[in-house]
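The values are calculated or read from the model by the stated rules, or taken from the named source; none is laboratory data. Worth saying up front: this structure is predicted, and the values here are computed from it rather than measured. All Cβ positions, glycine included, derive from the backbone under ideal geometry; neighbour counts span all protein chains shown.
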Ligand code: A3P
């Protein structure tokens, strides 16, 4: 899913596979091991350095499945995701919706008409597969709450053993402050989107609840209702963000 911590997870996976090396210790090595499917295409995948990870925001059901591949799906609450996505497209002149007012964008988001399609289809599709052995389902807000436990889950999933010291090191080099560091944030943006992106657009604010700066109460209520409808009958999914104070009425 876009704007949901994919780049963050990419940095966590890189440091986990590389025994604590930070993404910016050797940026060229990081680039060679982390192609972005939508940007680098099949050629980027064919020539990537191994072991590595392929980043994509595409829904699980339309990306190729391989029995030996492992898939990490990162999801973020729809209010912050929508807000972050809107702020992001605003930084890219000429891209779809970059000139739309938020009210227009919000309606399109609710209708599943934005890039990468319907948030709820995307989520429900991955949710239905989350217990498959080669899928790890991770919630953005949980990484923020306890990054060390997510690093442990990722390491176990990837069959990598990590000492406590390495976990600390990975937590440090994937922390918001570390990744926000202007020079490397700029390079992260370049890696993902070439020269078109304004610097610092990839790692931006990294907060839970930033939607409150953009979304009206009415829009928030409409998204509450859509979430309730989409997760109806699914107790676990409908309570996924309960501790983060996102939805008013479930
Ligand atoms: P915001 O726009 O809300 O700040 P993606 O990589 O999937 O496009 O996700 C981008 C979002 O993840 C941005 O959200 C970005 O700031 C946030 N992010 C990136 N690195 C992060 C980190 N180390 N800690 C917290 N949030 C991070």
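Figures for the structure shown
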quantity	calculated
Boolean, residue 148 is more than 10 Å from the ligand (Cβ to nearest atom), farther than 17 Å from residue 91 by Cα and either modelled with pLDDT under 90 or part of a helix (DSSP H, G or I) (or both)	yes
Close pairs from segment 6-19: first more than 19 Å from residue 149 (Cβ to Cβ), partner within 7 Å of the ligand (Cβ to nearest atom) and modelled with pLDDT under 95, Cβ under 9 Å, at least 6 apart	7/179; 7/202; 7/203
Test: residue in segment 209-223 that is away from the ligand (no atom under 12 Å from the Cβ), more than 28 Å from residue 152 (Cα to Cα) and modelled with pLDDT under 90	no
Failed criterion for residue 24 (all others in (1) within 16 Å of the ligand (Cβ to nearest atom); (2) assigned to a loop (DSSP other than H, G, I, E, B); (3) at pLDDT 95 or above; (4) touching a helix residue (DSSP H, G or I) at 6+ places or on another chain (Cβ under 6 Å) hold)	(3)
Segment 87-105, residues that are within 16 Å of the ligand (Cβ to nearest atom), over 16 Å from residue 140 (Cβ atoms) and assigned to a helix (DSSP H, G or I)	89, 102, 105
Scope segment 159-183; condition away from the ligand (no atom under 14 Å from the Cβ), at pLDDT 95 or above and surrounded by fewer than 17 Cβ atoms within 10 Å (Cβ to Cβ); matching residues	159, 160, 161, 163, 164, 165, 168
From the options 84, 4, 15, residue that is modelled with pLDDT of 95 or more, under 23 Å from residue 131 (Cα atoms) and either within 13 Å of the ligand (Cβ to nearest atom) or surrounded by fewer than 17 Cβ atoms within 10 Å (Cβ to Cβ) (or both)	4
Enumeration of residues in segment 106-143 that are touching a helix residue (DSSP H, G or I) at 6+ places or on another chain (Cβ under 7 Å), within 20 Å of residue 89 (Cβ to Cβ) and not in a loop (DSSP other than H, G, I, E, B)	106, 109, 110, 119, 120
Checklist (1) at pLDDT 95 or above; (2) more than 12 Å from the ligand (Cβ to nearest atom); (3) not in a loop (DSSP other than H, G, I, E, B) applied to residue 61, failing item	(1)
Out of 232, 195, sole residue that is modelled with pLDDT under 95 and more than 18 Å from residue 144 (Cβ to Cβ)	195
